[in-house]
Amino acid sequence: MSSTRLAILSPAPRGPMSLPASMGQLVADVESHQEVWGCWLQSWDLPVTVGEIAPFLDELARQALHQEREVIWAPMSSASSAVRLVLHGAAQPEALRRALTTLHLQSFMPGRVLHCQGDDLAIVLHGPSGPLGASNHRLIEALEGVFLDVAVTPLWAKGHFRLLLADMDSTLIDIECIDEMADHLGLRRQVSAITERSMAGELDFQTSLRERVRLLAGTPASTIDTIIHERLRLSPGARELVAAAKAQGVEVGVVSGGFTQFTRHLQETLDLDYAFANTLEIIDGQITGQVLGDIIDATAKADLLDLLARNLGTDASHCIAIGDGANDLPMIRKAGVGIAYHAKTVVRAQADFQIRYGGLDTASTYLGWGNI
């Protein structure tokens with residue numbers, strides 16, 4: 001059966017808007033009627049077609065315009081689905097207005113408010129079924145210059161996800177370990193230049209890693225401990241994300257093109273289930289400039305995600321991958337949910353969701369963990 005979804009967004013000082021008495025008999029259920037982010041959001045599902053109430057809707061829109069309110073509506077069919085709009089950041093009425101307007105142009109309409117507390121707002125959306133990638137990219141474009149994170153996500157069932165794999169450098173931690181080692185030795189400029197080209201996808205990762213490691217030849221292995229204790233810091237929200245994942249029964253691992261000494265430290269610090277990285281050759285207390293065994297590159301990261309998923313009795317569609325660089329892309333594309341964290345342009349363009357401003361705990365907000 002076809003219906004019409006109607007929503008009104010008003011500045012908070014204006015308060016909610018009353019529907020004309022002639023429409024009152026059509027309103028079976030008010031889905032949302034509350035103040036959120038400095039706005040009053042009202043939404044209804046009306047059991048009639050748009051054509052049947054077009055004159056009422058036009059009049060309502062005219063009244064709203066004079067009162068500095070916005071009225072939107074859209075037809076809904078039995079094939080319509082429910083998804084979720086998530087906003088994470090300082091509450092801004094303009095951000096909510098832009099988001100709902102942009103989504104309305106794609107036939108999505110707001111329903112009930114799932115959660116509104118502090119920096120987090122989540123609202124059910126009703127609209128067309130299908131992939132959400134295009135909607136997310138349009139939404140981010142519409143909110144350009146507004147410093148908060150936003151996503152349209154499915155309403156996943158509890159227990160849907162089994163595994164979360166995250167990159168280490170510039171993802172779970174806020175440094176690039178090899179760059180910090182180079183800086184300690186006065187070689188930062190040379191090593192950082194190679195790192196940047198690799199993360200942007202301009203240089204093969206294996207080649208770039210071997211080039212950078214060669215520059216470290218002769219370095220005391222104790223330099224690694226110095227970097228860990230003096231420079232390694234968790235990214236904002238890393239502990240919160242891991243805790244939220246574990247509360248959901250999700251196993252968590254780090255998979256890195258960096259080195260095992262750093263991932264082992266991270267595994268102990270965050271109580272991770274898995275840690276994978278490359279092994280530096282160390283002889284007589286010195287780094288030789290060589291990497292032992294196979295290198296964990298972009299392909300290896302994606303393969304590890306597949307392997308761990310199978311070991312858990314599931315597949316990649318029930319996994320989450322988070323990263324920032326080009327060598328994370330195959331893993332991000334393979335996972336059921338791929339998240340770009342403060343990432344390079346090439347990664348943001350291909351990830352399901354982006355975290356551009358907030359910490360890693362934004363991911364748990366997107367995934368519906370915690371209070372939402």
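In table form, for the structure just shown:
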| item | result |
| --- | --- |
| Label-reachable residues, region 249-266, where backbone N falls under 11 Å from a point 7 Å from GLU230's Cα toward its Cβ | none |
| Most mobile of LEU148, LEU312, LEU163 in a GNM of the chain (Cα contacts under 10 Å) | LEU312 |
| C-alpha long axis of helix 205-214 to longest principal axis of the chain, angle in ° | 40 |
| Value of [θ]222 nm, deg cm²/dmol, for the chain, DSSP H segments ≥ 4, -39500 (n - 2.57) each, nearest 500 | -10000 deg cm²/dmol |
| Fraction of antiparallel bridges per DSSP, the chain only, in percent to nearest 5 | 70 |
| Highest-fluctuation residue, LYS158, LYS344, LYS246 considered, GNM on the chain with Cα pairs under 10 Å | LYS158 |
| Percent RCO, i.e. relative contact order, over region 236-278, from Cα pairs under 8 Å lying at least 6 residues apart | 40 |
| Cα-based shape type of region 215-372, given that a ≥ b ≥ c are square roots of the gyration tensor eigenvalues and the cut on a/c is 1.5 | prolate |
| Relative intensity, log₁₀ I(q)/I(0), of region 48-107 from a Debye sum that treats every alpha carbon as a point, q = 0.14, 0.22, 0.26 Å⁻¹ | -0.55, -1.07, -1.17 |
| Spread of Cα-to-Cα distances over 10 Å intervals beginning at zero, given as percent, for region 121-263 | 9, 28, 29, 22, 10, 2, 0 |
| Mean separation of Cα contacts under 8 Å, 6 or more apart, over the residue count of region 147-210: relative contact order % | 14 |
| Cα centroid separation - region 38-96 against region 195-241, whole Å | 49 |
| D (Stokes-Einstein, µm²/s), Kirkwood Cα radius, the chain, 1.002 mPa s at 20 °C | 95 |
| Between helix 93-104 and the chain: long-axis angle, C-alpha atoms, 0 to 90°, nearest 10 | 80 |
| Region 189-296: Rg to Rh, with Rh as the Kirkwood radius over Cα pairs | 1.00 |
| Whole-percent pair-distance distribution, where bins are 5 Å wide, for the alpha carbons of region 88-188 | 2, 10, 16, 17, 16, 12, 10, 7, 5, 4, 2, 0 |
| Surrounding net charge for LEU203, when Lys and Arg each add one and Asp and Glu each subtract one, Cβ distance under 14 Å | -1 |
| Mean separation of Cα contacts under 8 Å (6+ apart) over length of region 73-166, as relative contact order % | 39 |
| HN-Hα J in Hz across region 282-299 - Karplus 6.51, -1.76, 1.60, θ = phi - 60°, x for Gly and Pro | 10, 10, 6, x, 10, 6, 7, x, 10, 10, 8, x, 6, 8, 7, 10, 4, 5 |
| Acute angle (nearest 10 degrees) that the helix 188-199 long axis makes with the longest principal axis of the chain, alpha-carbon atoms | 50 |
| Rounded D (µm²/s) - region 187-238, Kirkwood Rh over Cα pairs, Stokes-Einstein at 10 °C, 1.306 mPa s | 125 |
| Most mobile listed residue (ALA217, ALA340, ALA326) in the chain, GNM with C-alpha springs under 10 Å | ALA217 |
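No lab work stands behind these numbers, since they all come straight from the coordinates. Model, not experiment: these values are computed from the prediction. Please note: Cβ atoms are built from the backbone with ideal geometry, for glycine as well, and neighbour counts cover all protein chains shown.
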